[in-house]
Amino acid sequence: MTASFPGVSQWWRLSLRRGFSAAKRLGLTAFLAALLISALALPILIFTQGVSEASGGNQSQLNVISVSPSPDSPDTGIPSAAVEEIRGVDGVADVVIDLSATISAAEDGMWDASAHVARPWLMPPGVETVKLTGNEVVMPSELDGTDMTAFVGEDLRVGYTRAVSADKGTLDELVVRVVDTYPATWTGYGPKAALASQDLVIELYGARYALTKDEVMNREGVPGVWVQTNGADDVDPVLATLTDMGYDVIAERDRAGALPGLLAAFPLVLTAVSVGMVALLATQIFQAVRSSISGRAGEFGLLRMRGYGTADIRKLITLEVVSGVAGGALIGVLVGSVAGWFLAGVVTPEEFGMARMPILAISSCLLALLAGICLLALLAALVSSARINREDPFLLVLRN
């Protein structure tokens, strides 16, 4: 008669204390594996998200082309007629002039900032206003120690330079309306960037060189423009057309990952290390399971001699292995997440703003890691139990 599969109390007695010790050893192996993998994977996820945030936080930034006059061209700027010509190129969705001007505090603090023409497709995180008009501005939350959030919804007097002769300027003032602020750590336009409407920036820029708005746009021209295409498939055709028109062009997708020095290599290095570590630790878990079961083959042989069937042995091995590995892996993922978050805080640039990281996506990846380790343990348990069930139980007892 074949014995039925034992309950938990019978499993405890029949496995003796060696079964519990084996489960603890497997749990320790799984703990180390989960800890190391999650501690390395978390900085990669955070760094990748930070790069995305720094480049605008959306895929539309990759459909953008930077356009400037060719070095061989006699023109030093792009006039308004040429801007409209670029706007009419097939595949172009929007064109924004690339212009900036310096502003500073006229009152309430000592700060300075660079006013940029806002690009609708590149707005800071948390800013709902996409189209700025008139004297509206979006400021960093902090400038040189001054809390700019206090001015949201208020008029703010700012200073700027107005030329009075070819080599002399004076400080003038105007009133802007602060409609919103964004985290000062975000550097999509560069550090200390105030986002403004095109008319306001042209006015500030022209004042510095004693030019009217009409003279800036029609006589001098702007140093460059940003072109957004309708989609990723339009980037190459638009690049070709603008090149034929004699412009110097650079697609943002080609320099989206152009980070300096070791910073650029950081995600690739960590990814390579993590892949190697995953392969090594997966092998280690698999071998640990097989070694643990092989070391107790004699006990399983005795159980089979007492009437336990192949299904009973498979359940017994699976219960022992998966329970030990799952417990160790769960603790390892939790501890590894804490270590990974600390490591990410050390190596991730401040401007990436870790507070905005996608916790749900990160948690999903960590749960997937936990599930992967448990599935690997289950596979190893099934392979080991199959080997035990194929062997003659008498021989298993003799050899062990």
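The values are calculated or read from the model by the stated rules, or taken from the named source; none is laboratory data. Predicted, not measured: the structure shown is a model, and the values here were computed from it. All Cβ positions, glycine included, derive from the backbone under ideal geometry; neighbour counts span all protein chains shown. Ligands, DNA and RNA are stripped out before the accessible areas are found, and what is left, the full protein with its side chains, is counted by its heavy atoms. Shrake-Rupley method; radii C 1.70, N 1.55, O 1.52, S 1.80 Å.
Taking the range 308-400 and the helices (runs of 4 or more DSSP H) fully enclosed by it, the elements with 3 or more residues that are open to solvent by 30 Å² or more (accessible area, probe 1.4 Å) and modelled with pLDDT of 85 or more are at 310-347, 359-390.
How many residues does the range 90-114 hold that are part of a loop (DSSP other than H, G, I, E, B), open to solvent by 20 Å² or more (accessible area, probe 1.4 Å) and over 22 Å from Arg162 (Cα atoms)?
Count: 1.
Figure legend. Inter-residue proximity from the range 267-295: first residues closer than 20 Å to Asn389 by Cβ and in a helix (DSSP H, G or I), second residues modelled with pLDDT under 70 and open to solvent by less than 40 Å² (accessible area, probe 1.4 Å), beta-carbon distance below 6 Å, spacing 6+ or different chains. Indicated pairs: Ser292/Ala22. Regarding Tyr205, is this residue over 23 Å from Ser104 (Cβ atoms) and at pLDDT 90 or above? Answer is no for this residue. Condition test on Tyr209, is it under 25 Å from the mean Cα position of the chain (by Cα) and either over 24 Å from Ile65 (Cβ atoms) or of a type in the set (S, T, N, Q) (or both)? It is false that Tyr209 is under 25 Å from the mean Cα position of the chain (by Cα) and either over 24 Å from Ile65 (Cβ atoms) or of a type in the set (S, T, N, Q) (or both).
A single member of Thr170, Thr181, Thr133 is among the hydroxyl-bearing types (Ser, Thr, Tyr) and buried (at least 21 other Cβ atoms within 10 Å of the Cβ), and it is Thr181.
Just to be sure I understand, how many residues within the range 136-167 are assigned to a helix (DSSP H, G or I) and open to solvent by less than 20 Å² (accessible area, probe 1.4 Å)? Here the count works out to 1. Scanning the range 234-255 for residues that are part of a helix (DSSP H, G or I) and more than 24 Å from the chain's Cα centre (by Cα) yields a total of 10. Quick one: is Val137 more than 31 Å from the chain's Cα centre (by Cα) and within 24 Å of Glu215 (Cβ to Cβ)? Criteria not met by Val137.
Condition check: out of contact with any helix residue (DSSP H, G or I) (no Cβ under 9 Å at 6 or more places or on another chain), on the phi < 0 side of the Ramachandran plot and not polar (S, T, N, Q). Does Glu142 satisfy that? So Glu142 does not fit the description; no.
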